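To keep things clear, I will list the structure first and then write my remarks on it.
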Amino acid sequence: MPAELEAIAPPPAPAVRALNCPACGSAVTLRAAGYSVTAGCPSCGSILDVADPLVKLVTRYAEMTRALDIPLGTRGTLDGIEWEAIGWLARSMNGAYPWEEYLLFNPYHGYRWLIFDGQSWSLGETLTATPDFVTYDTLSAGGRHYRRFFKEREARVDGVLGEFYWRVAIGEQVITSEWAAPGWTLSREANAKEVSWSVARLLPPREIETAFGVEAERHPWPPPPHMVSPHAGWLSTCFKLGLAAMAFLVVVSIFMGGGRWSDIGALPIARDGSAQSVTVGSVTFGQPWQRVELRARVPRLENGWVDLDYALVDRTTQRVYEAYGVAERYSGRDNEGDWSEGSRESEISIASVPRGTYDLVIDYRGNRWIANNPGGWGQADWLTNGDSPEVVVEVRRGGVYFSNLIIALIFILIPLGWGFARHVRFEQARQAESDYDPIGVAALFKESE
C-alpha cells in the first residue's frame with residue numbers, strides 16, 4: 001500500500017473479545033477489545049483487569065443490583081453518530097449530589113460521556129487543549145465563554161459497571177470544578193497524576209429519548225447550570241415586536257396628529273351675561289372618521305367664566321354630535337400674596353365624527369364673579385375699558401387621543417413584564433444552585449438576547 005494511503009487509512013476497528021469472569025465463571029464480552037483496560041462482570045459485578053492476558057480480578061461488589069436506565073450494550077444515535085453504551089459510573093460529591101455517567105464508544109469516533117444528573121442528560125467530550133483564561137471568573141473554549149458555577153469539590157466513584165479505558169476503582173476521587181454557558185458546561189478534574197478538561201452539551205429531552213429510549217424531564221426544577229431559560233427567546237422576540245409596535249404608534253400619532261386650527265370667529269359676550277347662540281355653517285371633514293377638536297379663548301377673561309355648548313349637525317343626516325366646555329379664570333390677593341387659577345382657554349374634542357359637511361351651533365353665556373354680591377356671582381356688566389369681551393372659537397380635525405396611546409403602551413408592556421418576570425425567576429432558581437453570587441440585571445438582559 002502506498003505510504004500516503006497508509007497515512008489516511010482509518011485505524012482498524014477494535015475486535016469483540018469474549019472471556020470468562022475469574023470470580024463466577026460467567027461470560028464477559030468486550031466490545032472495545034484492545035482499547036478497554038477494565039471491565040465489569042454483568043453477573044457478579046466484579047471488576048476485571050482485561051489489559052492483563054490472564055484477566056486478573058481487581059475487585060467485586062455484588063451489592064450493585066439495580067437496573068440501569070440504559071443497559072450496557074444499548075446503541076443510540078447522537079449528533080448523527082451511532083454510539084454504544086459500554087460502561088457506567090455512579091459518582092457523587094462524597095455521597096452528596098449523586099449523578100451517573102455512561103461511557104459511549106464508537107470505533108471510529110472514540111469515546112463520549114452521557115451524563116445524567118437525575119433530571120437532565122448531557123453529552124460530554126474530553127478536550128485536547130486547556131481552555132483560555134478570559135477573566136477571573138470566565139474561561140473560553142471552543143468559541144464559547146463559560147462563567148464559573150461550582151467551586152472545587154471532591155468527586156468520588158460510588159459504583160462501576162462495564163468496561164473503561166483506564167483502571168477505575170470504587171472510591172477513586174478527583175478534585176472537580178465547573179463553569180457554565182447557555183446550553184454547555186465546562187468541567188475540570190484533577191488528581192495527583194493529571195488534569196483533564198471536558199465540555200458537555202445539554203441534550204433536549206426528545207433527542208435523548210429518541211436515541212436511547214429513556215424519559216427526560218421536560219421542565220427540570222431547579223434548572224441545571226447550563227439550561228437556557230425557556231422564556232429568553234420568547235422575551236427577545238416580544239421585545240423586538242414591542243419596539244416595532246411602539247414605533248408604529250409614534251408614526252400613527254404623527255400622521256394623525258391633526259390639521260391646523262381654523263378660526264370660526266370672535267363672538268361677543270353679552271354685557272348683561274345673557275345666553276347667546278350662534279350657528280356657523282360649512283364645516284367640512286374629509287376623513288371617513290376623525291376626531292374633531294374645538295378651542296375657545298377669552299383673552300380678557302378675569303374673575304369669571306364662560307359656558308360653551310357645542311353641537312355639530314350633519315347637513316345630510318341631521319345627526320348631532322354634542323360637547324360642553326368652559327373657560328374660567330380667577331385671581332386675587334390674600335395674606336400670602338397674589339394668586340390666580342384657571343385658564344382663559346377651553347379645549348374639547350368629539351371622537352369618531354364621520355365624513356361630511358356640518359353646521360356648528362354654539363350656545364354660550366358669560367358669568368362674572370361679584371365680590372360684594374351675597375351669592376358671590378352674577379350676570380354683571382361685562383364692560384371693560386368700554387368694550388365687551390369676546391370668545392374666539394377655533395376648530396380642527398384632531399389626531400389620536402393621548403390616553404389611547406398610553407393604553408396601547410400598557411398592553412405592549414404587560415406581556416413584556418410578564419415574560420421578564422418569569423425569565424428572572426428562572427435565572428434566580430438556576431443561579432441559586434451556584435457557589436457564586438447570582439447574576440445581575442444586566443446579565444439577565446444579556447441572556448435574553
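All of the numbers you see were taken from the coordinates with simple rules; none came from a lab. These numbers come from a predicted model, not from an experiment. When we count neighbours, we look across all protein chains shown, and the Cβ atoms used for this are built from the backbone with ideal geometry, even at glycine.
For the reader, a short list of remarks on this structure follows.
- For Asn303, residues with placed amide H under 5 Å, excluding near neighbours: Arg329, Tyr330, Ser331
- Nonlocal amide H pairs with Gly183, under 5 Å, H built at 1.01 Å: Met227, Val228
- FRET efficiency for Ser274 and Glu390, using Cβ-Cβ distance with R0 set to 22 Å, rounded to 0.05: 0.90
- Within the stretch 69-100: backbone nitrogen closer than 20 Å to the Glu152 label point (7 Å, Cα to C-beta): 92-96
- Separation of the Glu336 and Glu302 label points, Cα + 7 Å toward Cβ, nm: 2.2 nm
- Between Thr357 and Lys240, the FRET efficiency from the beta-carbon distance, with R0 = 45 Å, is close to 0.50.
- Modelled spin labels at Asn106 and Trp289, positioned 7 Å past Cα toward Cβ, are 6.2 nm from each other.
- Label point distance in nm, Thr128-Ile81, each placed 7 Å from Cα along Cα→Cβ: 1.2 nm
- Backbone phi angles across the stretch 102-117, fed through the Karplus curve with coefficients 6.51, -1.76 and 1.60 (θ = phi - 60°), yield HN-Hα couplings of 9, 8, 9, 9, 9, x, 9, 10, x, 10, 9, 10, 9, 9, 10, 9 Hz in residue order; Gly and Pro are listed as x.
- For Leu203, nonlocal amide neighbours, meaning residues 5 or more places apart or on other chains whose placed amide H falls under 5 Å from its own, are Trp121, Ser122, Leu123.
- Derived scalar couplings ³J(HN,Hα) [the stretch 335-346; Karplus, 6.51 cos²θ - 1.76 cosθ + 1.60; whole Hz; x for Gly, Pro]: 4, 8, x, 6, 9, 7, 7, x, 9, 7, 10, 9
- Applying 1/(1 + (r/R0)^6) with R0 = 51 Å to the Cβ-Cβ distance of Ala169 and Ile410 gives a FRET efficiency near 0.20.
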